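The structure appears below as structure tokens.
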Amino acid sequence: MAGGQLNVLNTLDQAKTQWYHFMAIVIAGMGFFTDAYDLFCISLVTKLLGRIYYTDVSRDTPGALPPNVSAAVTGVALCGTLAGQLFFGWLGDKLGRKSVYGFTLILMVVCSVASGLSFGHTAKGVVSTLCFFRFWLGFGIGGDYPLSATIMSEYANKRTRGAFIAAVFAMQGFGILFGAIVALAVSAGFRRAYPAPSYSENHAASLVPQADYVWRLILMFGTIPAALTYYWRMKMPETARYTALIARNAKQAAADMSKVLHTEIEESVGRVDEVAVGGEEWGLFSRQFLRRHGLHLLATTSTWFLLDIAFYSQNLFQKDIFSKVGWIPPAKTMNALEELYRISRAQALIALCGTIPGYWFTVAFIEIMGRFWIQIMGFAMMTAFMLGLAIPYHHWTTPGHHTGFIVMYGFTFFFANFGPNSTTFIVPAEIYPARLRSTCHGISAAAGKAGAIIGAFGFLYAAQDQQKPEPGYPKGIGIKNALFVLAGTNFLGTIMTLLVPESKGKSLEVISQEVADDEEAA
């Protein structure tokens, strides 16, 4: 940047933490609250959907979703998310962060409600409409990733930027917990109102007709907090970095930030023309981008890809792992609502004890340890705990050792969130030039969702028993070997993290090479 830092951007970098920072965290964070709720609550209700639409009362075991249906219901939102990350990431750099920010929220709210209203009484009709609306729900969720991260990084000061972006992402933990709590409350209420025997006692009576309302209420409930923030999302001004560096209107950027910072910022009309905006002469597919940020893009895409293989396979299939290690009783010993209640309770405990603390440890320590060391530590510890589960797997599955398995399993979530699940979201919002920031974050996030799709579809089949797979599934490699595979992906993530640059305490323009470090110091 030839002319040094703009006054408005320098003021943002040096600004004290103020009320508008916390407002931005809440506004952006509630989008992530809904994102996590909507992406992960489906794992709570898939067994209930199997009982409602695929039970054959002549069989000794309750119904379950066929393999292709289970994969579609679980993975279709991830496919939509991948597409949304690429599209809205690109659009955020072309039209502005704020311009498309409200649309993603509307799309999430509408499609989440529509998912719960999936019409039809046959299995094919309900599943088809559910998958349709969950794809577009995922598309809206995908847009929230690059836009929320970019907006928060461009609003924050350089001293606490990492903690603020991490706090936005940490709302994902509350979304996961809230999904489990809603499922607990709804299933408990319906179970009390409509008592039923277990499946082994009475096949037909174990599923009350009112259970069809339960999964619909759970899918719809998470939209409420996000919908309440729509007004404030629309009131947020465009980020100063977009207005000044891409729209080339530094005076407007100064006026916008003067209002939110409650301080007078002056910027001359011609000032922005003296500043060579980084990346204006070269684009994403240019030799210059490859030279400056090629390794960075490889690092952010590969680490997010490898992380999400493990993270989503763990999250989406907790219920299957819990059942196989004996923490949740066999399905036939419970009625439909009892099974949902027990699965929700188990997931709530994991979220409360492992998932949420990990996110907030990142918020607390990221400006002390830095992004690089938190990510290295997280991947390394996830590898260690996965091996700790896999090597003595038969020990963990014997009676009396289930609690130990759950504790170890919870630690993998803790170090995922106090580690790469947070940092892979933060780093791409910091290290790329302003005009490519949202696009590159979207590409990195989409690579992560490609990993999530592999985790969601692959783990479902891979974890099947080598001798006695579940009905409709081919023989797999078993949970023990699947855990070894996940440990391997985490180890690869540790290696690829070596390419990730440290961005702690630096201005965005310094990190992205839009201004020299000595200029900033001056």
Write out, first by first residue and then by second, each pair whose Cβ atoms fall under 9 Å of each other, whose residues are 6+ apart or on separate chains, and whose first residue, in region 241-256, is over 14 Å from residue 514 (Cβ atoms) and open to solvent by 30 Å² or more (accessible area, probe 1.4 Å) while the second is of a type in the set (Lys, Arg) and part of a helix (DSSP H, G or I).
251/271
Matching option when the condition is of a type in the set (Asp, Glu), at pLDDT 80 or above and either closer than 18 Å to residue 300 by Cα or open to solvent by less than 70 Å² (accessible area, probe 1.4 Å) (or both), among 509, 520:
509
Take residue 188 and tell me if it is within 26 Å of residue 33 (Cβ to Cβ), in contact (Cβ under 8 Å) with a residue 40 or more places away in the chain and open to solvent by 10 Å² or more (accessible area, probe 1.4 Å).
yes
Within region 421-511, which helices (runs of 4 or more DSSP H) (wholly inside it) include 3 or more residues that are more than 25 Å from residue 384 (Cβ to Cβ), over 18 Å from the mean Cα position of the chain (by Cα) and not basic (Lys, Arg)?
434-462, 508-511
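Kindly establish whether residue 111 is touching a Leu at 6+ places or on another chain (Cβ under 6 Å) and part of a helix (DSSP H, G or I).
Numbers: touching a Leu at 6+ places or on another chain (Cβ under 6 Å): yes; part of a helix (DSSP H, G or I): yes.
In short, yes.
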Would you mind telling me which numbered condition in (1) assigned to a helix (DSSP H, G or I); (2) open to solvent by 20 Å² or more (accessible area, probe 1.4 Å); (3) touching an Asp or Glu at 6+ places or on another chain (Cβ under 7 Å); (4) modelled with pLDDT under 90 residue 3 fails?
(1)
Tell me yes or no: at least one residue of region 19-26 is assigned to a helix (DSSP H, G or I), under 17 Å from residue 109 (Cα atoms), open to solvent by less than 50 Å² (accessible area, probe 1.4 Å) and out of contact with any strand residue (DSSP E or B) (no Cβ under 7 Å at 6 or more places or on another chain).
no
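So that you can scan it fast, the table gives a plain yes or no per residue for (1) assigned to a helix (DSSP H, G or I); (2) under 20 Å from residue 504 (Cα atoms); (3) open to solvent by 20 Å² or more (accessible area, probe 1.4 Å); (4) touching a Phe, Trp or Tyr at 6+ places or on another chain (Cβ under 8 Å):
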{"position": "138", "(1), (2), (3), (4)": "yes, no, no, no"}
{"position": "151", "(1), (2), (3), (4)": "yes, yes, no, yes"}
{"position": "154", "(1), (2), (3), (4)": "yes, yes, no, yes"}
{"position": "158", "(1), (2), (3), (4)": "no, yes, yes, no"}
What are the residues in region 420-452 that are among the basic types (Lys, Arg) and open to solvent by less than 10 Å² (accessible area, probe 1.4 Å), if any?
437, 449
Determine whether region 49-64 contains at least one residue that is without any contact (Cβ under 8 Å) to a residue 60 or more places away in the chain, open to solvent by less than 40 Å² (accessible area, probe 1.4 Å) and either in contact with a strand residue (DSSP E or B) (Cβ under 6 Å, 6 or more places away or on another chain) or part of a loop (DSSP other than H, G, I, E, B) (or both).
yes
Within region 206-214, is even one residue within 28 Å of the chain's Cα centre (by Cα), crowded, with 22+ Cβ neighbours inside 10 Å and either farther than 26 Å from residue 121 by Cα or touching a residue at least 60 places away in the same chain (Cβ under 8 Å) (or both)?
yes
Residue 118 passes all but one of (1) in a helix (DSSP H, G or I); (2) of a type in the set (Ser, Thr, Tyr); (3) open to solvent by less than 10 Å² (accessible area, probe 1.4 Å); (4) farther than 26 Å from residue 436 by Cα; which number fails?
(1)
From 91, 82, residue being within 28 Å of residue 474 (Cβ to Cβ) and open to solvent by 10 Å² or more (accessible area, probe 1.4 Å)
82
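The values are calculated or read from the model by the stated rules, or taken from the named source; none is laboratory data. No experiment lies behind these values; they were computed from the predicted model shown. Neighbour counts are summed over all protein chains in view; Cβ atoms, including those assigned to glycine, are modelled from backbone coordinates with ideal geometry. Surface accessibility is based on the protein's heavy atoms, side chains included, excluding ligands, DNA and RNA. Shrake-Rupley method; radii C 1.70, N 1.55, O 1.52, S 1.80 Å.
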